[in-house]
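Provided herewith is a single structure, encoded as C-alpha cells, for subsequent inquiry.
The values are calculated or read from the model by the stated rules, or taken from the named source; none is laboratory data. Worth saying up front: this structure is predicted, and the values here are computed from it rather than measured. Cβ coordinates were reconstructed from backbone atoms using ideal geometry, including for glycine residues, and neighbour counts include every protein chain displayed.
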Amino acid sequence: MKARLNLALVAGLVLLLIGLVAFKSSYFDQIAITTMIFVILSASLNLITGSAGLLSLGHAAFFGVGAYTAALLSTRFGWPFWLTLPAAGAMAALVGAVVAVPTMRLTSIYFAVATLGIGEMIYVTMLNWVGLTRGPMGVRSIPGITLFGAEGMVFSMVVTAAVMLAALWVVHRLMHSYYGNSLRALREDDACADAMGIDVGRLKLQSFGVACCLAGFAGALFAHTTGFISPESFRFGESILVLSMVVVGGLGSLYGSVIGAVILTVLPELLRDLGSWRMITVGGVLFFSILFLPRGLVGEVSAIDLIRRQIRHAPGASRAAW
Amino acid sequence: MDPTVLLQQVVNGLSIGLVYALMAIGFTLIFGVLNVVNFAHGEVYTIGAFAGLLLITAAKPPLWVVLVLVLLSGGLVGWALERIAFRPFRRFRDEASLKSKAMREATLLSSLAVSIIVREALELKFSGEMQTIPQAYLLQNPIQLGPITITDGNLIIFGLSAVSLGALQFVLYRTHIGLAIRAVSNNVLGAQFVGINTTRAIVATFVVGSMLGAIAGIMVGLYQGAIFPQMGFEPGVKAFVAMVMGGLSSIPGAVACALILGVSESVATQFFSDGWKALVSYSFLLVTLWFFPSGIFGSKKEKM
C-alpha cells in the first residue's frame, strides 16, 4: 500500500497556521496551538479506536497524566521543556500500560466501560490528591516552552507544530503498514485474528501504549502553552470531545481525525459569542455526522478499494476485469 | 466503629442504592432489548428532577401530583429519546443488524450526543448552579427511629422504590406489552415470527425505563436538595456500574449490585474523605470486569 502522508493536507494546515500568525493576535495563536494539540489527541485516539477498534472513553485522562507530569516537574523541580516533554510521554505510556494489562482481555462495550472507569479514577485522583496536584485549584504559572534560549508564542507554535507532525507521521506509519493491517484484523474479529496467529494481547497493549504516550506529549504541550491546568480539563467530557473529533472525521482515517479536530476546535471558537452554545454545537455536529455520515467526513479507504485503484492505474491493466 | 453510626450509614446507603437501582433497571431493560448502552439515561434523571422543579415552582401542587406528572414526563422523554437517538439507526429489521456492533456503537455515540445537547441546553436555560427548591417540598424532616435518625425522604424513597419495583414486575410478567418486551429481549426474530410488533415493544421499554429514571431524579433532588444540570452524570455512571456488575441483562442482579454500591459508598465515607468516595464504585467496576467478566449474578451465555 502506497499511502503517503497527504502533502496537500499538511501544507494546508501549515498555511492555516501561518495565516493565524499573520493576525498577530495572541488569541488566534492560542487557537492554533489548541487545534494542533487536539490534532495529536484525535490522531492518537484514532489509532486505538479507529484502527484497533477499542472504543476508549478515557483518553483525556492520559492527556491529563502527561499535563500534570510536565507541570509538576517544571514547577517543583525546575526541569526544562526538553526533559518534561519525554517525561510526560513516558509517564502517560506507563500509566496506560499499567491499567491496560488487565483491561486488554475485555472487548467491545466492556473495554469502553473499563476505560470510562479508569478515566474517572484518574480524574478523582487528580482532584483529591491535594498534596501532589493541588486539587481543584490546579497548577499555576507553569513556565512556557523554551528551547536553546528561544521562547515566545510563535516559537511555542513552531514546537507544537513539530511535535504534531512527528505524531502524525508515527500514527501514519503505524496505520499504513502490515502492523496497521493486523490492528484492523483485530477490529474486525479478534478471535479470528488470534486464530491466524496474531498476538492479540500484545498488539492491543502496544497500540494503547503508543496512543497514551502521544496523548502525554499533547498534555505536556498543553501545560506549557496555557500555563495553568486543573482537573476539569481532563474529565469525561473532554474524552468525549476527542472521540467526537475522531467520529466526525471518520473512524480509521487519519486525515479524517485531523479534519475533525480542526472543525471541532475552530467551530466552537467561531461561535464563541454565543457563549455556552459551544458544547451544544459539538453535540449537534456529533449527532448529525453519525446520522448522515456514518463513515465520517473522510471515510477510511478500504484495502480492496486501494488495490483496485492501483491495478487500474497500472500500465496495461484491463479495465474490464474490475 | 460505633454500631449506631454504621447502622445510620447503612440506612442512608440503602436509600441511595435504591435510587441507583431504579436507574440501573432502565439501563438493563434497554440493554436487554437492544443490546445497546443508553448514555442519555443520566439526562432522563436530570429532566425528571427539572420537570418536578418546574411544576413545584409553577403550581405548588401536592407531592403525589408532582410524582405522577414527573412519571408521565419521564415516559414522554423516553419516547422522544427512542425516536431521536435510536430509531434512525435501526435501518434494518433482522436480528443480526438489530444487535450488531456497528449499530451498538452508532447508538452509543448518538445517545452521548443527545445527552451533551440536553445537558448544555439545561445549563443555558437554568445556569449551572444549584436550583432553589421551596422549603416545603424538601424531604429532609428528621424522624427519630430508636438510636438512628432518618428523614421522611428515606421513607419516601423506600416506599416509592418498592412500589416501582412491584409495578415493574407487574408490567413485565402480567401484561401483554411486558410479554412482548421479554420476548424481544430474548429473541428478536422469534418475536417477529409470532407477530409481536418489535418497534412497539422497544418504545415501551424506553418509556418504562425512563419513567423509573425520572422518578429517581425527582426523589433524589428533593431528598438531597440539589437539582442542577450536571446531576445526572454520577448516578448514571453508578447505575451503569451496577448493571455491568449484575451481568448486563439481569434485573435482580442489577438491583442487588446497586444496593451493594450504595451501602459501600455510604460506609466508605466513614473511612475516607468525601472526594475519594467515587473511587469505590469504579474499583468495584474494574474488579468485576477483571474477575467476573459476565457479572457477579450474570448468566454465562451473554457474550459480547
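Quick check on my filter: what residues within the stretch A:100-134 are in contact (Cβ under 8 Å) with a residue 24 or more places away in the chain, within 8 Å of chain B (Cβ to nearest Cβ) and more than 21 Å from B:Val37 (Cβ to Cβ)?
Correct list: A:Leu127 only.
For the stretch B:105-122, enumerate the residues that are more than 7 Å from chain A (Cβ to nearest Cβ) and within 17 Å of A:Phe111 (Cα to Cα). Break it down stepwise before answering.
Quick first cut of the stretch B:105-122, residues more than 7 Å from chain A (Cβ to nearest Cβ) only: B:107-108, B:111, B:115, B:118-119, B:122.
The answer is B:Thr107, B:Leu108.
Moving on to the next point. Would a scan of the stretch A:73-80 turn up a residue that is away from chain B (no Cβ under 14 Å), part of a helix (DSSP H, G or I) and without any contact (Cβ under 8 Å) to a residue 12 or more places away in the chain?
Yes, the conditions are met somewhere in the stretch A:73-80.
What's the number of the condition B:Thr199 fails, among (1) touching a Lys or Arg at 6+ places or on another chain (Cβ under 6 Å); (2) surrounded by fewer than 23 Cβ atoms within 10 Å (Cβ to Cβ)?
(1)
Among the listed residues B:Leu212, B:Leu138, identify the single one that is within 30 Å of A:Gly284 (Cβ to Cβ) and among the hydrophobic types (A, V, I, L, M, F, W, C).
One residue alone meets the criteria, B:Leu212.
Quick check on B:Gln230: is it more than 14 Å from chain A (Cβ to nearest Cβ), closer than 27 Å to A:Glu232 by Cα, over 14 Å from the mean Cα position of the chain (by Cα) and not charged (D, E, K, R)? Working first, answer last.
Numbers: more than 14 Å from chain A (Cβ to nearest Cβ): no; closer than 27 Å to A:Glu232 by Cα: yes; over 14 Å from the mean Cα position of the chain (by Cα): yes; not charged (D, E, K, R): yes.
In short, no.
Among the candidates B:Gly217, B:Gly209, which residue alone is touching a residue at least 24 places away in the same chain (Cβ under 8 Å) and over 15 Å from B:Leu18 (Cβ atoms)?
Numbers: B:Gly217 fails: over 15 Å from B:Leu18 (Cβ atoms).
The match here is B:Gly209.
Which one of these is at pLDDT below 85, surrounded by 15 or more Cβ atoms within 10 Å (Cβ to Cβ), among the aliphatic types (A, V, I, L, M) and within 15 Å of B:Ile16 (Cα to Cα): B:Leu124, B:Leu139? Even if it seems obvious, please write down each step before you answer.
Details: B:Leu124 fails: within 15 Å of B:Ile16 (Cα to Cα).
Every option except B:Leu139 fails the conditions.
State the number of residues belonging to the stretch A:167-199 that are touching a residue at least 60 places away in the same chain (Cβ under 8 Å) and assigned to a helix (DSSP H, G or I).
Matching residues across the stretch A:167-199 total 15.
Here's something else I'd like to know. Does the stretch B:2-22 contain any residue that is farther than 21 Å from B:Leu261 by Cα and surrounded by fewer than 24 Cβ atoms within 10 Å (Cβ to Cβ)? Steps first, please.
So in the stretch B:2-22, the residues farther than 21 Å from B:Leu261 by Cα come out as B:2.
With surrounded by fewer than 24 Cβ atoms within 10 Å (Cβ to Cβ) added as a condition, the list becomes B:2.
Looking for residues that are farther than 21 Å from B:Leu261 by Cα and surrounded by fewer than 24 Cβ atoms within 10 Å (Cβ to Cβ), one finds at least one in the stretch B:2-22, hence yes.
Go over the candidates A:Gly201, A:Gly209, A:Gly144, A:Gly197 one by one and state the one that is among the small types (Gly, Ala, Ser), surrounded by fewer than 24 Cβ atoms within 10 Å (Cβ to Cβ) and touching an Asp or Glu at 6+ places or on another chain (Cβ under 7 Å).
Values: A:Gly201 fails: touching an Asp or Glu at 6+ places or on another chain (Cβ under 7 Å); A:Gly209 fails: touching an Asp or Glu at 6+ places or on another chain (Cβ under 7 Å); A:Gly197 fails: touching an Asp or Glu at 6+ places or on another chain (Cβ under 7 Å).
Only one candidate passes the filter, namely A:Gly144.
From the list B:Val241, B:Val267, which residue is surrounded by 17 or more Cβ atoms within 10 Å (Cβ to Cβ), without any contact (Cβ under 8 Å) to a residue 60 or more places away in the chain, among the aliphatic types (A, V, I, L, M) and closer than 25 Å to B:Val11 by Cβ?
Details: B:Val267 fails: without any contact (Cβ under 8 Å) to a residue 60 or more places away in the chain.
Testing whether each residue is surrounded by 17 or more Cβ atoms within 10 Å (Cβ to Cβ), without any contact (Cβ under 8 Å) to a residue 60 or more places away in the chain, among the aliphatic types (A, V, I, L, M) and closer than 25 Å to B:Val11 by Cβ leaves just B:Val241.
When only residues in the stretch A:226-265 that are charged (D, E, K, R) and in a helix (DSSP H, G or I) count, which is nearest to A:Ala52 (Cα to Cα)? Before the answer, list the steps.
Applying the first criterion (charged (D, E, K, R)) to the stretch A:226-265 yields A:232, A:235, A:238.
Imposing the further condition that a residue be in a helix (DSSP H, G or I) reduces the set to A:232, A:238.
Details: A:Glu232: 28, A:Glu238: 21 Å.
Selected residue: A:Glu238.
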